[in-house]
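Following: one structure in structure tokens, then a few remarks.
The values are calculated or read from the model by the stated rules, or taken from the named source; none is laboratory data. Quick caveat: nothing in here was measured; it's all calculated off a predicted structure. Here Cβ is always computed from backbone atoms with ideal geometry, including for glycine, and neighbour counts include all displayed protein chains.
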Amino acid sequence: MNRTLRRLATLAACLLPLTAAAVGAPAPRVLVTTAPATLRTLAEDITVYGKVEPDPERLRALTTLRPGEITRLWVGLGQRVAAGERLLEIATAPQSRMAYTQAQGKVASARIQLQQNEDLFRQQLSTRGDLANARQALANAEAELKALERQGAGKSSDVLRAPEAAVVTQLDVAPGAQVQAGQPLLMLGAQRHVWVRLGLEPEEVARVHAGMPVRLQPVFGGAAIDARVAQVHAVVNPATHLVDAVVRLEGDAASGMVPGSWMRGDIRLHSAHVLAVPRSAVLTDRGGSYVFRVNDGRARRVAVTTGIEAGGWIAVRGALDAGDVIVTSGNYELGDGMPVRKAAETGR
């Protein structure tokens, strides 16, 4: 028993200096990377995708006012045409030419009848009623002839030309086709007026409204275009199962757009000038969000609330000022008040 006690006393005497040394030793410093909190403008965007299409308000259907036959076709589907460029030639149908000739004969006959009635009236051989009927018959015949002239029935053929720079978006005829009055021949979309129809998830619709800025970028390469949202629809598009947000482009911005091409749109919801830190600096636990600020070589926990996040930075509010040194990496190893040593400072 005495031998055991002596051994324990000897062991305690050996451990006592080690324990004393451990108590007096300085705590290890955690290696961290830091960055200053800075004032900067952050913006919140949502990214959506969609297609370019002709502006439906500037689509023009070309038709014919008389029956005929397509004899020449100078354009194809999807072709760009300049203002005044030839599109197609239509020959007047024989029945239209015959109707025009008959209308000319009616006018000539009505004029003769009117002249005869005027002569008889001067000789008191006809009544005022006969004279009025003859005048009305001439007016009717002339009106019929003018209507056929407006339809082009007096021409053997006619060439339709583009009223403005446009793209052929629909082509319904081919050479040799017989067409009737009012039948659509082709559809033109104004070249300098297009829509970009972007698709929003239904839950995003409440955050987007007309007038918001949007940056458009062709998916397969090309220059970016700054524009604004023109319309936000209120129903789901059955073809895409998304809600359409329409961006109108006009002039030079639209002239290079190819209908059917895909576009990416970054819609800016809002922006603010805020105090921000790198995103990696913000940690979260049961107590909420927090960062570590370095003061006199020690990490101090500071509670924050977060806001806009963009470009690797996040807005924070709390007991912080611009220029405060914030831990951006190594912070997972820290506790409040722990000593640190800085490896580098980033984000200036």
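The rows are residues; the columns are (1) out of contact with any His (no Cβ under 7 Å at 6 or more places or on another chain); (2) of a type in the set (Lys, Arg); (3) within 14 Å of residue 268 (Cα to Cα); (4) crowded, with 18+ Cβ neighbours inside 10 Å.
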site	(1), (2), (3), (4)
193	yes, no, no, yes
199	yes, no, no, yes
203	yes, no, no, no
214	yes, no, yes, yes
219	yes, no, no, no
225	yes, no, yes, yes
232	no, no, no, yes
243	no, no, no, yes
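Mind telling me which of the residues 68, 84, 78 ends up being of a type in the set (Gly, Ala, Ser), touching a residue at least 40 places away in the same chain (Cβ under 8 Å) and surrounded by 18 or more Cβ atoms within 10 Å (Cβ to Cβ)? Write out each step before concluding.
Details: 84 fails: surrounded by 18 or more Cβ atoms within 10 Å (Cβ to Cβ); 78 fails: surrounded by 18 or more Cβ atoms within 10 Å (Cβ to Cβ).
Unique residue meeting the criteria: 68.
Considering only region 80-107, how many residues are at pLDDT 90 or above and aliphatic (A, V, I, L, M)?
Qualifying residue count for the region: 6.
Quick grid of which residues meet (1) more than 25 Å from residue 80 (Cβ to Cβ); (2) at pLDDT 95 or above; (3) among the aromatic types (Phe, Trp, Tyr); (4) more than 12 Å from the chain's Cα centre (by Cα):
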position	(1), (2), (3), (4)
217	no, no, no, no
221	no, no, no, yes
234	yes, no, no, yes
246	no, yes, no, no
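Just one of 303, 276, 315, 254 is of a type in the set (Gly, Ala, Ser) and part of a helix (DSSP H, G or I); which is it?
Working: 303 fails: part of a helix (DSSP H, G or I); 276 fails: part of a helix (DSSP H, G or I); 315 fails: part of a helix (DSSP H, G or I).
Result of the check over 303, 276, 315, 254: 254.
What pairs come out if I take residues in region 159-183 that are over 15 Å from residue 80 (Cβ atoms) and pair them with residues that are of a type in the set (Asp, Glu) whose C-beta lies under 8 Å away, six or more apart or interchain?
159/89; 160/89; 176/69; 177/69; 178/69; 179/69; 183/172
Only one of (1) at negative phi; (2) surrounded by fewer than 18 Cβ atoms within 10 Å (Cβ to Cβ); (3) over 35 Å from the mean Cα position of the chain (by Cα) fails for residue 305. Which number is that?
Just one mismatch for residue 305, condition (3).
Just give me the residues in region 92-105 being crowded, with 16+ Cβ neighbours inside 10 Å and either in contact with a strand residue (DSSP E or B) (Cβ under 7 Å, 6 or more places away or on another chain) or among the small types (Gly, Ala, Ser) (or both), in sequence order.
Answer for region 92-105, where residues must be crowded, with 16+ Cβ neighbours inside 10 Å and either in contact with a strand residue (DSSP E or B) (Cβ under 7 Å, 6 or more places away or on another chain) or among the small types (Gly, Ala, Ser) (or both): 92, 93, 96, 99, 103.
What's the total number of residues in region 142-165 that are outside any loop (DSSP other than H, G, I, E, B), modelled with pLDDT of 85 or more and not charged (D, E, K, R)?
Qualifying residue count, region 142-165: 3.
Consider residue 185 against the criteria (1) farther than 16 Å from residue 255 by Cα; (2) outside any loop (DSSP other than H, G, I, E, B); (3) assigned by TED's automatic domain parsing to the domain that holds residue 262: it satisfies all of them except one. Which criterion is unmet?
Condition not satisfied by residue 185: (3).
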